[in-house]
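Here the structure is laid out as structure tokens; the discussion comes afterwards.
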Ligand SMILES: Cc1ncc(COP(=O)(O)O)c(C=O)c1O
């Protein structure tokens with residue numbers, strides 16, 4: 001007898017429109033640097049209300065090109081958050097710049113601007129906030145700090161397509177270079193892929209050259225005037241992107257609906273809003289606040305401080321439910337410990353969250369019955385009455 005169907009952590013929504021546009025590209029014979037790429041870039045820039053967007057092979061590639069646009073390199077320190085995916089600080093290492101971590105705000109889990117200000121020093125060249133889990137970083141304060149001290153600023157918006165900051169402007173559309181990512185679990189996907197929003201026309205031109213081995217679009221075949229990479233996104237991937245953008249509003253609304261439904265079910269087993277209730281108990285993700293809008297990328301709860309997270313994940317797995325610790329602190333990875341001597345205890349807020357974090361299955365098509373199963377099993381494992 002087979003058990004109930006497995007509930008995966010994430011699942012992309014792909015349909016006939018994606019298939020149609022992919023076929024169109026395949027039949028056109030223009031699989032790379034063709035018209036679908038340009039169409040995707042224009043549609044993305046239009047969606048964000050920015051002048052330009054440069055499609056690349058990954059979010060990491062977008063971050064790397066942005067670091068180069070900002071000119072950060074050897075001897076430069078960049079203030080950033082330890083509570084993020086490792087690519088958000090690895091992009092600095094590619095250019096020999098040094099990430100300097102600052103602790104996060106306990107409610108928003110994004111870099112605390114006061115901690116950034118305190119960490120700024122003579123070698124500081126820039127700030128790299130991350131809109132983690134789709135929650136907007138405190139851009140007003142961070143931009144103020146950057147302006148006051150002459151720092152460069154790069155937004156990691158990999159998890160934040162559709163996120164709205166406290167002044168009502170979208171993350172990644174504020175005039176700072178910004179990087180988006182389109183891996184299959186993101187708000188929209190191209191399978192793999194990324195988008196750089198450059199700060200201006202020069203940045204856009206530079207990035208278009210650097211993604212294509214240092215050959216600008218107006219140069220002759222096999223001419224190269226600068227160091228470049230192969231960071232091209234194929235037109236097949238761009239076709240998926242165009243179709244996903246067409247339905248982005250629906251995808252974002254479905255994600256928000258699933259998140260609200262989860263929060264209601266979890267509140268019924270005693271989970272508290274962040275900032276209300278006992279911070280050492282089960283805590284929900286932060287919901288919208290004033291003008292700030294989360295674009296729901298993942299659904300991550302904070303388990304009670306004394307819960308056995310690894311045991312809970314293993315038990316959920318046994319019961320056909322995927323859940324993950326999300327997200328480990330970058331400074332506690334072996335790479336950063338060995339390279340920079342970072343260690344436990346340096347960033348208590350980020351570390352406490354990271355230790356207790358649990359990402360539940362989350363995607364736009366997640367059904368009520370699946371959520372009911374997840375929350376019921378979690379309640380049982382936490383020793384609470386099942387709803
Ligand atoms: C915060 C953050 N930055 C950067 C990246 C890198 O994007 P990619 O995996 O497309 O290279 C990711 C990917 O998940 C991310 O979550």
- Could you check the simple spin-label distance between residue 220 and residue 309, using points 7 Å along Cα→Cβ, in nm with one decimal? 5.8 nm
- So, relative contact order of segment 248-381 in percent, Cα under 8 Å, 6 or more apart, is 29 percent
- Of all DSSP beta bridges located in segment 16-246, what percent are antiparallel, nearest 5? 45 percent
- Query: In what sequence, highest mean first, do 365-378, 158-171 appear when ranked by Cβ atoms within 10 angstrom?
  - Reply: 158-171, 365-378
- the chain: antiparallel DSSP beta bridges as a percent of all, rounded to 5: 55 percent
- Remind me, relative contact order of the chain in percent, using alpha carbon pairs under 8 angstrom and six or more residues apart? 21 percent
- In nm, the gap between the two label points placed 7 Å beyond Cα toward Cβ at residue 319 and residue 291 is 4.3 nm
- So how tilted is helix 368-381 from the main axis of the chain? Cα-based, degrees 0 to 90, rounded to 10. 60 degrees
- Item | Where labels lie 7 Å past Cα in the beta-carbon direction, separation of residue 340 and residue 249 in nm | 4.1 nm
- Of the convex hull drawn through the C-alpha atoms of segment 16-246, the volume per residue in Å³ is 112 Å³
- Calculated from DSSP helices alone, with each H run of at least 4 adding -39500 (n - 2.57) and the total divided by the residues of the chain, [θ]222 nm to the nearest 500 comes to -11500 deg cm²/dmol
- Query: Taking the Cα centre of each part, how many Å lie between segment 79-100 and segment 276-326?
  - Reply: 25 Å
- Query: Once both axes come from the Cα atoms, what is the angle between helix 59-70 and the longest principal axis of the chain, in degrees from 0 to 90, rounded to 10?
  - Reply: 50 degrees
- Query: Which value, to two decimals, describes the C-alpha radius of gyration of segment 307-387 once divided by 2.2 N^0.38 Å?
  - Reply: 1.34
- Message: Using Cα-Cα distances under 8 Å and only pairs 6 or more residues apart, what relative contact order does segment 132-281 have, in percent?
- Response: 14 percent
- For the modelled label position 7 Å from the Cα of residue 352 along Cα-to-Cβ, which residues of segment 254-291 have backbone nitrogen atoms closer than 19 Å? 271-287
- Message: Kirkwood hydrodynamic radius, computed over distinct alpha-carbon pairs, for segment 193-291: how many Å, to one decimal?
- Response: 17.9 Å
- Message: Above 19 Å lies some portion of the pair distances; for segment 246-387, what is it as a whole percent of all C-alpha pairs?
- Response: 55 percent
- Query: Can you give the angle from 0 to 90° between the axis of helix 248-267 and the longest principal axis of the chain, with both taken from C-alpha atoms, to the nearest 10?
  - Reply: 20 degrees
- In nm, what is the difference between 0.36 nm times the number of residues separating residue 273 and residue 166 and their Cα-Cα distance? 36.6 nm
- Residue separation between residue 140 and residue 260 times 0.36 nm, minus their alpha-carbon distance, gives in nm 40.5 nm
- Item | the chain, Cα convex hull volume normalised per residue, Å³ | 151 Å³
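Computed from the coordinates by the stated procedures, all read-outs in this text should not be read as laboratory data. Given the structure is predicted, the values throughout are model-derived calculations rather than measurements. With ideal geometry, Cβ positions are generated from the backbone for all residues, glycine too; neighbour counts draw on all protein chains shown.
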